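Starting off with a structure, shown below.
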Amino acid sequence: MRLPRPSLLRTATLAVALAAALPAAALSAATVAAPAAAEPAETAEPAVVLSEDFEGGEIPAGWTAVDGQWSVSDGRLVGVSTSSSQLSRITFGPHLRNFRVELTARFEQVANAARWTAVGMDIAPDGSTPWWIATMRSGTTAANGLEFAQRTTSDGWNVTNTAAAPHAAGTGTDVRIAVEVRGSRATWIFDGQEVMRTSALQRSDQGVLGLIVNGSTVSFDDVVVTELEEEPVIRPVGPGSTPAVVAHRGYSSVAPENTLAAVESALRSGADYVEVDVASSADGVPIILHDNTLDRTTDGTGALPAVTSDYIEGLDAGSWFSTAFTGQPVPTLLDVLALMKGRAPVLLLEVKGPETYAELEVIVGQLREQGLIEQTLLQSFDVQVLRDVRAIEPELRLGLLRSSLDADPVAMARDLGVVSYNPSWTALQTSTDVIADLHEAEIAVMPYTIDDPAQWAILRDLGVDGVITNKPGELVGWNARHVQTVPDEPTVAFAAPADGATLTRGDVLVPAVTSERAESIALTLDGAEVAEGSAIAVDTLAAGEHTLEVTATGVSGTATATTTVTVQPSAAGLVRLATGPDVERALRDQLLRAIDRSDWIRVASIAEAGVGGHQLPAELAALIAADARAL
């Protein structure tokens, strides 16, 4: 049952109006400052960073043609692709995280109605793969007339979203198109009408804009690029609105919490926020760890504030979760920032507390040095942490964590200058009316930690702005299904591994997929069923190519996607196989001597025939022999 939310609708209107009227810095200041101290805000237009009408007669400076034929004729940029296999492209503009690109496009000539042009939303300046595009066919009224898609590193296609335009672009007709990108989310706008959205973009740290032409001649005019502000924490309310997805301690249901593996998995899942915990070691290094002690999630021991970063550096933070993650280090904050930089989601950084003022200066200083102040929301249970951080960096957005509700959540949030009040779901259930009160005060609500889809539905109806979950990939898919007003065919794609990836012995294969409008998903490796997020040791796979296939089944049909990886034999890989627990000493020594001499025929012979009556297990013998012969 959907609960009536008139106050939330008013709040959403206020939030959208405020976001449109203020730049990011002014929005942060207006939100953080106490009401009595707030100054009237001045209206500011979004910053136009590029405007080009091609009246100069030549390709403008800063525009780089990297493939195909590009020229300026009659005040228009003209791109030519002579075949359906040629992807003529030109790159331009700066790297931006949040932007709107708007332009006029006209198909002058097409090989057929399936040929297309596209706006490059994130493409390397030299045009190399991977890149993300918003595609328009000349036959735009087809079911896939408009698309969001990725060109992969292996020159394959990952089409994440398709839609039909309200009318055909055809040939010889100007069409005004626009794409708005905010982090990992994008909106396709065709002749002023919003047609499609996606949250599947994977952003780079250097990608710029581009135009691509395929099997056609297309002319472009009046290109305008506007930099947009960081998206407000408060989400709009309406039928197409869903809570932001917050990956709790990374993608902690498929990888060990607060490790780089969990963060990378969260980044690939399509989550809007990646949440990790930070606290300082004895020598003042910010360490990513949830507990006060090392004992539960590492092979070390002792309280974090009592040990040095040198001791922590050598610890294993993955074995407790699965042997597949053996060797995962305990990351520093800088490690996580390096992984997050240039990527789409917001960093939700929980400072465990208590932290000294000097320790907080280091944490905030690292965010500042890496250029991630705007991309970070810092939260804590410790109110002194929030007061100190606000003094150190007033532009950093803050969130208050609560295991139980304050007597007056709005007053507490205003006193601390936070933009988000993040209580436990257990506590919030006792008084859900505080959501409307907080929204009226322009304060977002993101409860923790909820993994049950039945609870997600309740939270969406209550109008929360984000859901902190250990299962961000599942919530991304759940959100996507619920914003569809008309059931379309499902879509599915691999988030990991990348198509064409090369693996070696000792690696771990962890398949992850993104899907929309899917009721169920079936995943296979070389035809055998596997579970998404399961850790598959490469030591168990034969050398050569392996194919992962996923089938998504929805109300309106099915969709499939494949990705191929190659297990590469190596001397180091043979050493790993020969020293495993199932290899007797006599066999191990003989194998290692032959490997050391690069005598691959001898290695294969020992594996298959054994030595002195000693035999390898059949499957292991076949793996070693095959690797040796490949070398």
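The values are calculated or read from the model by the stated rules, or taken from the named source; none is laboratory data. Keep in mind that this is a model prediction, so the values were computed, not measured. Reconstructed Cβ throughout: ideal geometry from the backbone, glycine too, with neighbour counts over all protein chains shown.
Let's see how each residue does on (1) modelled with pLDDT of 95 or more; (2) in the same structural domain as Glu393 (by TED's automatic domain parsing); (3) more than 25 Å from Arg268 (Cβ to Cβ); (4) polar (S, T, N, Q):
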{"residue": "Trp425", "(1), (2), (3), (4)": "yes, yes, yes, no"}
{"residue": "Asp433", "(1), (2), (3), (4)": "yes, yes, yes, no"}
{"residue": "Asp437", "(1), (2), (3), (4)": "yes, yes, yes, no"}
{"residue": "Thr469", "(1), (2), (3), (4)": "yes, yes, no, yes"}
{"residue": "Val476", "(1), (2), (3), (4)": "no, yes, no, no"}
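Hey, another quick one. For Thr140, all conditions in the list (1) in a loop (DSSP other than H, G, I, E, B); (2) within 25 Å of the chain's Cα centre (by Cα); (3) under 23 Å from Leu77 (Cα atoms) hold save one; what is the number of the exception?
(2)
Those residues that are crowded, with 21+ Cβ neighbours inside 10 Å and not β-branched (Val, Ile, Thr), I need them from the stretch 374-387; list them, please.
Matches in the stretch 374-387: Gln375, Leu377, Leu378, Gln379, Ser380, Leu386.
Which of the strands (runs of 3 or more DSSP E) found entirely inside the stretch 67-130 contain at least 3 residues meeting this: at negative phi and touching a residue at least 40 places away in the same chain (Cβ under 8 Å)?
Output list reads 76-80, 87-92, 98-110, 116-123.
Considering only the stretch 315-329, state which residues are of a type outside the set (D, E, K, R) and in contact with a Pro (Cβ under 8 Å, 6 or more places away or on another chain).
Answer for the stretch 315-329, where residues must be of a type outside the set (D, E, K, R) and in contact with a Pro (Cβ under 8 Å, 6 or more places away or on another chain): Leu315, Ala317, Gly318, Trp320, Phe321, Ser322, Phe325, Gln328.
Filter the stretch 176-206 down to residues that are out of contact with any Asp or Glu (no Cβ under 6 Å at 6 or more places or on another chain), in a strand (DSSP E or B) and not small (Gly, Ala, Ser), then give me how many there are.
14
Take the residues of the stretch 583-614 that are at pLDDT below 90 and outside any helix (DSSP H, G or I): which is surrounded by the fewest Cβ atoms within 10 Å (Cβ to Cβ)?
Gly613
Right, another one. Going residue by residue through the stretch 209-225, is there one that turns out to be part of a strand (DSSP E or B), modelled with pLDDT under 90, under 25 Å from Ala124 (Cβ atoms) and outside the structural domain of Arg460 (by TED's automatic domain parsing)?
Within the stretch 209-225 (the criterion being part of a strand (DSSP E or B), modelled with pLDDT under 90, under 25 Å from Ala124 (Cβ atoms) and outside the structural domain of Arg460 (by TED's automatic domain parsing)), the answer is no, since none of the residues qualifies.
Exactly one of (1) of a type in the set (Lys, Arg); (2) closer than 20 Å to Thr491 by Cβ; (3) in the same structural domain as Ser138 (by TED's automatic domain parsing) is unmet by Arg268. Its number?
(3)
Out of curiosity, is Gly580 part of a helix (DSSP H, G or I), more than 29 Å from the chain's Cα centre (by Cα) and within 19 Å of Ala324 (Cα to Cα)?
Judged against the criteria, Gly580 is not a match.
Moving to a separate point now. Could you tell me which residue of the stretch 526-546 is surrounded by the fewest Cβ atoms within 10 Å (Cβ to Cβ), considering only residues that are within 23 Å of Gly270 (Cα to Cα) and not acidic (Asp, Glu)?
So the residue we want is Ala531.
Tell me which of these Val550 doesn't satisfy, since it passes every other one: (1) outside the structural domain of Gly613 (by TED's automatic domain parsing); (2) surrounded by fewer than 16 Cβ atoms within 10 Å (Cβ to Cβ).
It fails just one condition, (2).
Now for a different question. How many of the residues in the stretch 48-61 are loosely packed, with under 13 Cβ neighbours inside 10 Å and within 29 Å of the chain's Cα centre (by Cα)?
1
Next question. Quick test of your reading of the structure: Ser252 fulfils all but one of (1) assigned to a loop (DSSP other than H, G, I, E, B); (2) polar (S, T, N, Q); (3) touching a Gly at 6+ places or on another chain (Cβ under 7 Å); (4) buried (at least 23 other Cβ atoms within 10 Å of the Cβ). Name the failing condition by number.
Going through (1) assigned to a loop (DSSP other than H, G, I, E, B); (2) polar (S, T, N, Q); (3) touching a Gly at 6+ places or on another chain (Cβ under 7 Å); (4) buried (at least 23 other Cβ atoms within 10 Å of the Cβ) one by one, Ser252 breaks only (3).
Taking the stretch 165-175 only, how many residues are buried (at least 19 other Cβ atoms within 10 Å of the Cβ) and in a loop (DSSP other than H, G, I, E, B)?
The qualifying residues number 2.
So which residues in the stretch 255-288 are more than 26 Å from Tyr357 (Cβ to Cβ), assigned to a loop (DSSP other than H, G, I, E, B) and either free of Cβ contacts under 8 Å to residues at least 12 places away in the same chain or among the acidic types (Asp, Glu) (or both), if there are any at all?
Glu257, Asp272
Here are the criteria: (1) within 42 Å of the chain's Cα centre (by Cα); (2) assigned to a helix (DSSP H, G or I); (3) surrounded by fewer than 21 Cβ atoms within 10 Å (Cβ to Cβ). Tell me which single one Leu623 does not satisfy.
Tallying (1) within 42 Å of the chain's Cα centre (by Cα); (2) assigned to a helix (DSSP H, G or I); (3) surrounded by fewer than 21 Cβ atoms within 10 Å (Cβ to Cβ), Leu623 fails exactly one: (3).
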